[in-house]
Amino acid sequence: MILEIRPENPDERSIDLVAETLNKGGLVVLPTDSVYAVMCKLSNLKGIEQLARQRGKKIHKANFSLVCRDFSSLSKYSQSISNPVFKLMKQVLPGPFTFILTASHEVPKLFRENKKTIGIRILKNTIVQAILDKLDEPLVATSIHSEDEVTDYITDPYEIDLHLGNQVQMVVDAGAGGIQASTVIDCSGAEPELVRQGIGEL
């Protein structure tokens, strides 16, 4: 199912429909500040297992991100953040950045098997923010990769539907997606480390 939502003015009925699909355990393709991603609720362990299968990886080896509504939500799922790191995050979030942080005990054990960190995002995207306002927990996200040797990511929602339509409950069409992923910064060590330069500029 493809559902068109305009990011300039997200329709509340459509947002409610997406939130209802997620609350029922569904997987939904959503826009981000960078590329399109498949998302499900953090408590949806079956959905997280499906995301791992789509990436062809075992669940404890798949790199997922938590999409949080705000800094209050973010702090619940990460251990204490140093002042310099917090100042850095405040400068660039919401935005197209993924921060790798030390996971708190609130992150399901499933995520912390063989690893103690989690990638966390706060998006500027109006559609995702409106959806998170309707939910009581973050979303788990993984980007949608293309099999094309030239393009890393699928940008057309209708092509995404052809590619993943039988594996997700809904594809949100918010227009063409980006071709660059988020910038990834690892803040789990003594000093922040740039892991991947994406669309986000420091």
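Would a scan of segment 141-162 turn up a residue that is of a type outside the set (S, T, N, Q), at pLDDT below 95, in contact with a Leu (Cβ under 8 Å, 6 or more places away or on another chain) and over 22 Å from Val107 (Cβ atoms)? Within segment 141-162 (the criterion being of a type outside the set (S, T, N, Q), at pLDDT below 95, in contact with a Leu (Cβ under 8 Å, 6 or more places away or on another chain) and over 22 Å from Val107 (Cβ atoms)), the answer is yes, since at least one residue qualifies.
Restricting attention to segment 24-37, does a residue exist that is more than 29 Å from Asp152 (Cα to Cα) and either at pLDDT below 95 or not aromatic (Phe, Trp, Tyr) (or both)? Within segment 24-37 (the criterion being more than 29 Å from Asp152 (Cα to Cα) and either at pLDDT below 95 or not aromatic (Phe, Trp, Tyr) (or both)), the answer is yes, since at least one residue qualifies. Go through segment 160-182 and give me each residue that's touching a Gly at 6+ places or on another chain (Cβ under 8 Å) and assigned to a loop (DSSP other than H, G, I, E, B). Result: Val168, Gln169, Gln180, Ala181, Ser182. Is there any pair with a first residue in segment 185-202 that is modelled with pLDDT under 90 and a second that is surrounded by 13 or more Cβ atoms within 10 Å (Cβ to Cβ) whose Cβ atoms are under 9 Å apart and which are 6 or more apart or on different chains, and what are they? Correct list of pairs: Leu202/Leu88; Leu202/Val92; Leu202/Phe97; Leu202/Thr183; Leu202/Ile185. Identify all residues within segment 32-52 that are free of Cβ contacts under 8 Å to residues at least 40 places away in the same chain and more than 26 Å from Gln180 (Cβ to Cβ); write none if there are none. Within segment 32-52, Lys46, Glu49 meet the criteria.
Just to verify a result, which residue in segment 52-111, among those that are of a type in the set (Val, Ile, Thr) and modelled with pLDDT of 90 or more, is nearest to Val38 (Cα to Cα)? My answer is Val67.
So which residues in segment 169-198 are surrounded by 17 or more Cβ atoms within 10 Å (Cβ to Cβ) and closer than 14 Å to Pro31 by Cβ?
Step one: filter segment 169-198 for residues surrounded by 17 or more Cβ atoms within 10 Å (Cβ to Cβ), giving 169-174, 177-178, 181-188, 192, 198.
Met170, Val171, Val172, Asp173, Ala174, Gly177, Gly178, Ala181, Ser182 - these are the residues of segment 169-198 that are surrounded by 17 or more Cβ atoms within 10 Å (Cβ to Cβ) and closer than 14 Å to Pro31 by Cβ.
Looking across segment 45-99, the residues that are in a helix (DSSP H, G or I) and among the charged types (D, E, K, R) come down to Lys46, Glu49, Arg53, Lys76, Lys87, Lys90.
Tell me, please, whether a residue that is small (Gly, Ala, Ser) and either within 14 Å of the chain's Cα centre (by Cα) or within 30 Å of Ala176 (Cβ to Cβ) (or both) can be found in segment 74-94.
Initially, segment 74-94 is screened for residues small (Gly, Ala, Ser), giving 75, 78, 80, 82.
Right, trim to either within 14 Å of the chain's Cα centre (by Cα) or within 30 Å of Ala176 (Cβ to Cβ) (or both) and you get none.
For segment 74-94, residues small (Gly, Ala, Ser) and either within 14 Å of the chain's Cα centre (by Cα) or within 30 Å of Ala176 (Cβ to Cβ) (or both): absent.
Here Val29 qualifies as crowded, with 24+ Cβ neighbours inside 10 Å and touching a residue at least 12 places away in the same chain (Cβ under 8 Å).
From the list Ile59, Ile2, which one is more than 12 Å from the chain's Cα centre (by Cα) and exposed (fewer than 15 other Cβ atoms within 10 Å of the Cβ)?
Ile2
The values are calculated or read from the model by the stated rules, or taken from the named source; none is laboratory data. Computed from a predicted model, the values in this text were never measured in an experiment. A quick note on method: Cβ atoms are made from the backbone with ideal geometry, for glycine too, and the neighbour counts reach across all protein chains shown.
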